[in-house]
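Engineer: My questions all concern the structure below.
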Amino acid sequence: MEKTVIIINGNGGVGKDTLCDFAGEKYKVKSISAITPIKEIARQHGWQGEKDPKSRKFLADLKKIFVEYNDLPYRYLTEEYENFLHSDIQILFVHIREGEEIEKFRRYVGVPCVTLLIRRDNLLKNWGNDSDDNVENYEYDYVYHNNKPLSEAREDFGMFLKKILPRG
């Protein structure tokens, strides 16, 4: 199988991490997120890992500041991508929220790269910050509807991945 980058996005709680874990049962995968270095900074200054709207807005605002100041999230992603190229990992899942950041990273990637939106019915779609609230305002290559029970989602997502992954 050819190395592939999947830029994955979706509202909070749609199951992105669970689906990446399912993929890891069949492929060698790694998941990285543009928010990781921002969370590390936030933890050093009192954030306890909460996922409530106030905390999500705090992280989104802090990320925006770092993007403008020194592009820390992008630099983190490109470094992790370069490590991926020299590893035995087959699929790199890259979690990015903002459309302009998705495009910037996508232009950097030199291996097959697709964008994937995960949707789930009946979830909160307004978190009160631009990063979360504008997830749907991007034209993704693929959309996966994660509405099946966990017992069925594992196999269903595996079949979905087979359809979208390049051969090789």
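Engineer: With θ set to phi - 60°, apply the Karplus curve 6.51 cos²θ - 1.76 cosθ + 1.60 along the stretch 83-100 and write out the HN-Hα couplings as whole Hz, x wherever there is a Gly or Pro.
Structural biologist: Running phi through 6.51 cos²θ - 1.76 cosθ + 1.60 with θ = phi - 60° gives 5, 4, 4, 9, 10, 9, 5, 8, 10, 10, 8, 10, 8, 9, 8, 8, x, 5 Hz.
Engineer: Still on this structure, I have one more. Which pairs, out of Lys54/Lys104; Lys3/Lys51; Lys26/Lys148; Lys26/Lys63; Lys30/Lys163, put more than 25 Å between their alpha-carbon atoms?
Structural biologist: In this structure, Lys54/Lys104; Lys3/Lys51; Lys26/Lys63 lie more than 25 Å apart at Cα.
Engineer: What length, rounded to one decimal in nm, is gained on full extension from Asn122 through to Asp61, with 0.36 nm per residue of separation minus their alpha-carbon distance?
Structural biologist: Length gained between Asn122 and Asp61: 19.4 nm.
Engineer: Using θ = phi - 60° and the Karplus form 6.51 cos²θ - 1.76 cosθ + 1.60, what ³J(HN,Hα) does each residue of the stretch 63-79 get, whole Hz, x for Gly and Pro?
Structural biologist: 4, 4, 4, 6, 4, 5, 6, 8, 6, 3, x, 5, 4, 4, 4, 5, 5
Engineer: Between the stretch 103-127 and the stretch 36-84, how many Å separate their Cα centres?
Structural biologist: Result: 17 Å between the Cα centres.
Engineer: Counting helices only, and only those DSSP H runs with n ≥ 4, report the 222 nm mean residue ellipticity of the chain as the sum of -39,500 (n - 2.57) divided by its residues, in deg cm²/dmol to the nearest 500.
Structural biologist: -14000 deg cm²/dmol
Engineer: Here is a further query. Ranked highest first by average number of other Cβ atoms within 10 Å, how do 90-102, 38-50 line up?
Structural biologist: 90-102, 38-50
Engineer: Would you mind working out the magnitude of the charge dipole of the stretch 41-101 relative to its Cα centre, with +1 at each Lys and Arg C-beta and -1 at each Asp and Glu C-beta, to the nearest 20 Debye? Mind dumping the intermediate values first?
Structural biologist: Details: 9 positive and 12 negative charges, 88 e Å.
For this selection, approximately 420 debye.
Engineer: Okay, moving on. Can you give the Kirkwood hydrodynamic radius for the stretch 108-152, in Å, rounded to one decimal and based on Cα pairs?
Structural biologist: 12.7 Å
Engineer: Additional query: Collect residues whose amide H, placed 1.01 Å from N in the peptide plane, falls under 5 Å from the amide H of Ser33; neighbours closer than 5 in sequence don't count.
Structural biologist: Here His95 satisfy the definition.
Engineer: Still on this model: Using a basic spin-label model with each label point 7 Å from the Cα along Cα→Cβ, how many nm lie between Met159 and Thr18?
Structural biologist: 1.9 nm
Engineer: Which whole-Hz couplings ³J(HN,Hα) result when phi for each residue of the stretch 144-157 is put into the Karplus expression 6.51 cos²θ - 1.76 cosθ + 1.60, θ = phi - 60°, listed in order with x for Gly and Pro?
Structural biologist: Each residue of the stretch 144-157 in turn: 10, 8, 8, 10, 7, x, 3, 4, 9, 5, 4, 5, 4, 5 Hz.
Engineer: Tell me which GluC sites (Glu not before Pro) from the stretch 127-168 have a DSSP coil assignment and no more than 10 other beta carbons within 10 Å of their own.
Structural biologist: On the way: sites: Glu136, Glu139, Glu152, Glu155; in loops: Glu136, Glu139.
Qualifying residues, ordered by number: Glu139.
Engineer: First measure r as the distance between the Cβ atoms of Arg106 and Lys51, then evaluate 1/(1 + (r/R0)^6) with R0 = 22 Å and state the FRET efficiency to the nearest 0.05. Spell out each step's value before the answer.
Structural biologist: Numbers: r = 26 Å, r/R0 = 1.20.
It comes out at approximately 0.25.
Engineer: What residues have an amide H closer than 5 Å to that of Gln90, excluding those fewer than 5 places away on the same chain, when H is modeled at 1.01 Å from N in the peptide plane?
Structural biologist: Lys28, Val29
Engineer: How big is the dipole moment of the chain about its Cα centre under a simple scheme where the beta carbon of each Lys and Arg is +1, that of each Asp and Glu is -1, and everything else is neutral? Debye, nearest 20, please.
Structural biologist: The dipole magnitude comes to about 280 debye.
Engineer: Another one. Take the alpha-carbon positions of the chain, form their convex hull, and give its projected area averaged over all directions (one quarter of the hull surface) in nm². Walk me through the numbers on the way to the answer.
Structural biologist: Values: hull surface 39.2 nm².
Average projection, Cα convex hull of the chain: 9.8 nm².
Engineer: At 0.36 nm per residue, minus the direct Cα-Cα distance, what do Ile41 and Asn70 gain on full extension? Give it in nm, one decimal, please.
Structural biologist: This chain segment gains 9.0 nm when fully extended.
Throughout, read-outs are computed from the coordinates displayed, never taken from laboratory work. Treat the numbers as computed from the prediction; the structure is a model and nothing was measured. Because the Cβ atoms are built from the backbone with ideal geometry, glycine has one as well, and the counts that use them run over all protein chains shown.
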